[in-house]
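Accompanying notes for the structure given below.
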Amino acid sequence: NISRFTAFAEEWFILDLAPKRSSLTGPSNGIIRILFSVVYVTILLWMIVQLPSNDGANHSDAKTQRDALLTIAALAASVLVPGIFRFLVLSAGAIVAGLLPLLQVIETFSLIWVLLMIVPGSTVAGYTCSFDGKVLPYKLNGLAVLFVTVAFYYGLCTAGWKDPTYLAAHFFDAERPVDAGYQRCLTRDQVLAAPKNENGDIEDLPALLAKLPVNKNTIWALEYFNGSFFNPRVFGVDVKMALYCLGAVMLQLNILSMAALHTVNNGGVTANAVTVYVFIFTWFLIEYSYYENVHLYTYDLFAEKIGAKLVFGCLGFYPYLYCIGGIVLTIYTPNTNSAYGPTFLVFYTGWFLTRGANMQKFFYKTDPASTTVFFGKVEQKVIPGSRILYSGFWGVSRHVNYLGEIIQGVALALPGFLVLYSTEPFWLCLVPWIYPLYYVCLFIPRERDDNEICRKKYGKAWDEYCEKVPYRIVPYIY
C-alpha cells in the first residue's frame, strides 16, 4: 500500500493518470511535479476564496453567498459518497488508486473552466435579464474551448503522457434568493417593452416582475433539486453556460476515448459503426457549440435554474449517459462492413427539424419586424397581440424541436443496435435505446409544464395557437 501511494503521489501531479505509460522519470521531473502541485493547489485555494460571486442581481448579501457555497458543498459531497464508501472498506493504497478516475474528471472540468475564462470569444447581449432589469452579457467561446481541450489532450496522448483509452476503460470504475420565486426569468423583450424613466431605468419594476409566472412550490427538497438561481456568475463566467460546456466537452472526450479503446481492442481497425457514431455525435456537439448564441434564447436558459438536477445532468448525466450507445461499441467490436446510410438520413432529418425550429424562433426574437425567414421562403406569422409563431416549423407541432432531438437520439442508438441485434441477447440490444428513451421521458413532461405556463401567460392567444397547431410534439400522433 505504501508503494502504491508513493507511485500515485509521484505521478498524478504531472497529469499522468496512466503511470505505466509515463515517459517522465528522474530527479528533475520530481521538481516539476512539486512545482506543478504547488501551482495547482494555489489555484484551487484561490478559486475557493473567490467563489462567492454572482450576477449582481439583488442577491449579493453574505448569507445568500454562504447558502450558495453550502449548496455547492452538498452537491460535491454527493459526488464523493462512493469514495467515502471505498474508504470504509478498502485499504489506504486501494482508495488512492480508486480515486484516479474521479481526479481525471476534476482535472478536465477544471481545465475547461479556466479555458472558458481565458479563451477569447465574442460577447453578446443575451435574451435573459437579471431581476433588476439589466440584460445579461454572454461570452461565446464554447466551440474554441471544445477544440482547445481536445487538442490539449491529443497532445498529451501523442507525447505518451496520457492513455487515450483511459476515460473509456474507467467509464464504470436558507434565505431564498429573488430567483426562487419565479418559474421563468426576465427576458430582453420584456425589459425593452417596459416603460423607462429619463435615466433609462424601468419605471415600475415590481409591476414587470408581477407578470412573470410565480413558483408556488416552497418545499426545500424540490427547490434543492430544481434550483433557485437562474443566471449566477463566477469569475465572469455564466455558471449555466459553463455547465453545458463542461458536459459537452467531457462527452466529446468520452466519445473519442471510446473510439480509441475500440480500435485498440479491434486489432487497430475501426469498425464502420464506430466511425459513423463518432462522426454524427461530433457533428452534434460542434454544431451545438457553434450556435451558442441561439442557445441563449432556448428553454434551457430562461426556464432552467442551477440546482441538483442541472448540476448532475451536465456533469454526470450529459457526458456519461448520452454516449451509452458508444459503450456497447467499445465492448463489442466486430469489424462489420454494413451500410450505415440510413443512420445518416435519420440523424440529419432530426437535426433539420431541431436546428430549423430553433433558428426560426431565434430570427424572430432578434428581429421581430422581419416578415420572412430562410431567404424569404418561410413567412413569419404570429398570433395577433402576441409573440407566438404558428408558421413554418412552428406550424408543424408546438414543439417540433423536441421531435427533432428525439429523432437524433434514435439515429445515435442505431449503430450500437445494428452491431448487437444479430448476435447478442435481445435485452442487450436495447441498451443503446436508453438515450432516445431519456429524451421522450424528458420532453413529454417539459412540454406539459411549458403548455400550462404559456396558457397562463398568453391566455386566449395561446388557446388560439393550440387550435391552429393541435399537435404537441409529433404531428398527427401526439
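Would you mind finding the one in ALA168, ALA125, ALA180 that is at pLDDT below 85, more than 20 Å from the chain's Cα centre (by Cα) and aliphatic (A, V, I, L, M)? Before you say what the answer is, go through the steps one by one.
Values: ALA168 fails: more than 20 Å from the chain's Cα centre (by Cα); ALA125 fails: at pLDDT below 85.
Being at pLDDT below 85, more than 20 Å from the chain's Cα centre (by Cα) and aliphatic (A, V, I, L, M) holds for just one of ALA168, ALA125, ALA180, which is ALA180.
Just to be sure before I move on: is TYR390 surrounded by fewer than 21 Cβ atoms within 10 Å (Cβ to Cβ) and in contact with a Cys (Cβ under 7 Å, 6 or more places away or on another chain) in the structure I sent? Show your work before the answer.
Numbers: surrounded by fewer than 21 Cβ atoms within 10 Å (Cβ to Cβ): yes; in contact with a Cys (Cβ under 7 Å, 6 or more places away or on another chain): no.
Considered against the rule, which asks whether it is surrounded by fewer than 21 Cβ atoms within 10 Å (Cβ to Cβ) and in contact with a Cys (Cβ under 7 Å, 6 or more places away or on another chain), TYR390 comes out as no.
Given the criterion at pLDDT 90 or above, more than 17 Å from TRP462 (Cα to Cα) and of a type in the set (A, V, I, L, M, F, W, C), identify the matching residue among PHE426, PHE352.
Within the list PHE426, PHE352, the selection yields PHE352.
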Identity of the residue in the range 272-303, open to solvent by less than 20 Å² (accessible area, probe 1.4 Å) and modelled with pLDDT under 85, that ends up farthest from PRO445 (Cα to Cα):
LEU301
For the range 220-236, pairs from a residue that is of a type in the set (Lys, Arg) to a residue that is modelled with pLDDT under 75, with Cβ under 9 Å and 6 or more apart or across chains, are ARG233/SER53; ARG233/ASN54; ARG233/ASP55; ARG233/GLY56
Sort through ILE388, ILE444 and tell me the only one that's of a type in the set (A, V, I, L, M) and within 29 Å of ILE327 (Cα to Cα).
ILE444
Filtering the range 281-325 down to residues that are of a type outside the set (Ser, Thr, Tyr) and outside any helix (DSSP H, G or I) yields LEU296, ALA303, GLU304, LYS305, ILE306, GLY307, CYS323
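Can you find a residue in the range 211-228 that is touching a Pro at 6+ places or on another chain (Cβ under 6 Å), modelled with pLDDT under 80 and surrounded by 20 or more Cβ atoms within 10 Å (Cβ to Cβ)?
In the first step, residues of the range 211-228 are kept if they are touching a Pro at 6+ places or on another chain (Cβ under 6 Å); the result is 228.
So of that shortlist, the ones also modelled with pLDDT under 80 come out as 228.
Okay, now just the ones that are also surrounded by 20 or more Cβ atoms within 10 Å (Cβ to Cβ), so 228.
The answer is yes; a qualifying residue exists.
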Are any residues in the range 301-316 over 19 Å from ARG387 (Cβ atoms) and not aromatic (Phe, Trp, Tyr), and if so, which ones?
GLU304, LYS305, ILE306, GLY307, ALA308, LYS309, LEU310, VAL311, GLY313, CYS314, LEU315, GLY316
Mind checking which residues of the range 416-447 are more than 18 Å from TYR277 (Cα to Cα), open to solvent by 70 Å² or more (accessible area, probe 1.4 Å) and more than 22 Å from the chain's Cα centre (by Cα)?
SER422, THR423, PHE426, TRP427
Residue list for the range 117-175, filter: assigned to a strand (DSSP E or B) and aliphatic (A, V, I, L, M):
VAL124, ALA125, VAL135, LEU136, LEU140
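The values are calculated or read from the model by the stated rules, or taken from the named source; none is laboratory data. All figures in this text were calculated on a predicted structure; none of them were measured in a lab. Note that we place each Cβ from the backbone using ideal geometry, even for glycine, and neighbour counts take in every protein chain shown. For accessibility, only protein heavy atoms count, side chains too; no ligands or nucleic acids. Shrake-Rupley method; radii C 1.70, N 1.55, O 1.52, S 1.80 Å.
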